[in-house]
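Taking it in order: structure first as structure tokens, then the write-up.
The values are calculated or read from the model by the stated rules, or taken from the named source; none is laboratory data. Since this is a predicted model, take the numbers as computed values, not measurements. All Cβ positions, glycine included, derive from the backbone under ideal geometry; neighbour counts span all protein chains shown. Side chains are part of the model used for accessible areas, which takes the heavy atoms of the whole protein and leaves out ligands, DNA and RNA. Shrake-Rupley method; radii C 1.70, N 1.55, O 1.52, S 1.80 Å.
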Amino acid sequence: MNLLVTGAAGFIGSAYVRGLLAAPDAPDITVLDRLTYAGTLTNLPSAHPRLEFVQGDICDAGLVDKLTADADQVVHFAAESHVDRSIDGAGTFVRTNVLGTQTLLDAALRHGVGPFVHVSTDEVYGSIATGSWPEDHPLSPNSPYSASKASSDLIALAYHRTHGLDVRVTRCSNNYGPHQYPEKVIPLFVTNLLDGEQVPLYGDGHNVRDWLHVEDHCQALDLVRTHGRPGEVYNIGGGTELTNRELTGLLLDACGAGWDRVDHVPDRKGHDLRYSVDWTKARTELGYRPRHDFATGLADTVAWYRDHRDWWEPLKRGAGTR
Ligand code: NAD
């Protein structure tokens with residue numbers, strides 16, 4: 001079995017690949033990743049008999065065709081993933097997230113490859129004050145990032161409905177864990193605090209997110225790949241809802257810092273108040289259960305950043321840091 005995994009030099013894709021390679025029955029894996037500012041080879045084993053790394057762009061139709069011809073299945077993570085960057089400029093988001101996904105789908109169709117797991121986000125649903133979205137809730141994305149992801153979800157599902165391609169879409173909540181590029185809230189705050197710097201809290205800090213350990217997400221993704229149904233969407237949640245203010249308090253405690261280290265900054269434009277997915281379908285149909293309790297997962301994550309300055313310091317110093 002040859003699995004093509006896109007975007008696996010990034011945070012979640014690399015966790016997925018490391019997890020698969022740790023199993024005795026690991027498939028052969030080809031990673032296609034452009035190595036943008038968010039991707040680093042230090043996220044992947046430097047040499048593994050079952051792993052091949054190809055640096056390239058998912059919009060490169062010739063390269064994608066060649067790699068897909070050799071693949072049996074695809075798990076598609078590659079994306080521009082940071083909402084703030086999509087507010088600064090949406091061009092690369094539309095290019096990679098929409099055109100790149102369509103390029104991969106075309107190649108999968110030509111070569112009869114499937115399942116094709118398309119990794120998406122809860123942000124495609126918009127914002128919800130109370131309750132949780134089921135998978136059939138209409139999409140109402142607000143940021144250029146979430147709009148580009150919603151577009152790619154719809155194109156992926158259209159390839160199932162129109163052509164019968166075995167596409168499976170997942171929509172997860174906010175991931176946390178080791179190897180996350182230090183621009184997203186948890187690694188940004190932890191690394192700033194470890195360096196004695198301030199942390200920027202958006203607006204009143206009352207925006208709510210559901211936190212999902214990256215390994216739980218990867219467990220769910222593999223259940224979808226191996227036991228999901230073609231043409232279906234699966235929500236994946238973690239089960240810990242926190243306001244950004246509550247999360248900040250936990251991170252300050254974990255790093256031994258006080259509220260004087262917090263700068264209150266103007267809110268993100270169009271900041272969604274709350275995301276919440278109903279993941280009953282993944283639980284009942286696939287047996288998905290998050291295994292990481294948040295307190296332990298967060299403590300382990302903070303400890304990982306404390307112990308791995310060699311991983312994040314070069315990234316933070318790099319020109320790509322926003
Ligand atoms: P990330 O930004 O850490 O990694 C993205 C990877 O994609 C990088 O390695 C980058 O080099 C690669 N990439 C970007 N453009 C590319 C291109 N044109 N061609 C080839 N490779 C390219 O992202 P992540 O946090 O690991 O997210 C992975 C997926 O999960 C994304 O599709 C994202 O939308 C989705 N998602 C993430 C979260 C989260 O909390 N991080 C939540 C919901 C959904």
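Worth a mention:
- Among the residues listed as ASP216, ASP166, ASP204, ASP210, the single one being of a type in the set (Asp, Glu), under 19 Å from the mean Cα position of the chain (by Cα) and farther than 19 Å from SER14 by Cβ: ASP210
- A search for C-beta distances below 9 Å between a residue of the stretch 72-95 that is more than 30 Å from GLY112 (Cβ to Cβ) and any residue that is within 7 Å of the ligand (Cβ to nearest atom) and polar (S, T, N, Q), counting only pairs 6+ apart in sequence or on different chains, returns THR92/THR36.
- First in the stretch 146-160 and open to solvent by 40 Å² or more (accessible area, probe 1.4 Å), second anywhere and charged (D, E, K, R), Cβ under 8 Å, 6 or more apart: HIS160/ASP166
- Of the criteria (1) out of contact with any Lys or Arg (no Cβ under 8 Å at 6 or more places or on another chain); (2) open to solvent by less than 40 Å² (accessible area, probe 1.4 Å), which one PRO200 fails: (2)
- Residue list for the stretch 66-103, filter: open to solvent by less than 30 Å² (accessible area, probe 1.4 Å), within 16 Å of the chain's Cα centre (by Cα), within 12 Å of the ligand (Cβ to nearest atom) and among the aliphatic types (A, V, I, L, M): VAL75, ALA78, VAL83, VAL98
- Selection status of HIS213, crowded, with 19+ Cβ neighbours inside 10 Å and either farther than 17 Å from HIS292 by Cα or touching a strand residue (DSSP E or B) at 6+ places or on another chain (Cβ under 8 Å) (or both): yes
- Cβ-Cβ distances below 6 Å connect the following pairs, each with a first residue in the stretch 220-247 that is closer than 24 Å to LEU139 by Cβ, a second residue that is among the hydroxyl-bearing types (Ser, Thr, Tyr) and in a loop (DSSP other than H, G, I, E, B), and a separation of six or more residues or different chains: ALA220/TYR288; LEU223/TYR288; GLY237/SER173; GLY238/SER173.
- Residue in the stretch 198-208 that is β-branched (Val, Ile, Thr) and either without any contact (Cβ under 8 Å) to a residue 24 or more places away in the chain or outside any helix (DSSP H, G or I) (or both) present: yes
- Residues that are in a strand (DSSP E or B), open to solvent by 30 Å² or more (accessible area, probe 1.4 Å), within 25 Å of HIS264 (Cβ to Cβ) and in contact with a Phe, Trp or Tyr (Cβ under 9 Å, 6 or more places away or on another chain) occur at least once in the stretch 170-189.
- THR121 without any contact (Cβ under 8 Å) to a residue 40 or more places away in the chain and either open to solvent by less than 40 Å² (accessible area, probe 1.4 Å) or over 25 Å from ILE87 (Cα atoms) (or both): no
- LEU20 more than 10 Å from the ligand (Cβ to nearest atom), closer than 13 Å to HIS76 by Cβ and either modelled with pLDDT of 95 or more or part of a loop (DSSP other than H, G, I, E, B) (or both): no
- Qualifying positions in the stretch 150-171 - more than 21 Å from LEU223 (Cβ to Cβ) and among the charged types (D, E, K, R): ARG161
- Filter result for LEU35 (at pLDDT 95 or above, open to solvent by 20 Å² or more (accessible area, probe 1.4 Å) and assigned to a helix (DSSP H, G or I)): no
- Selection status of ASP60, open to solvent by 50 Å² or more (accessible area, probe 1.4 Å) and within 11 Å of the ligand (Cβ to nearest atom): yes
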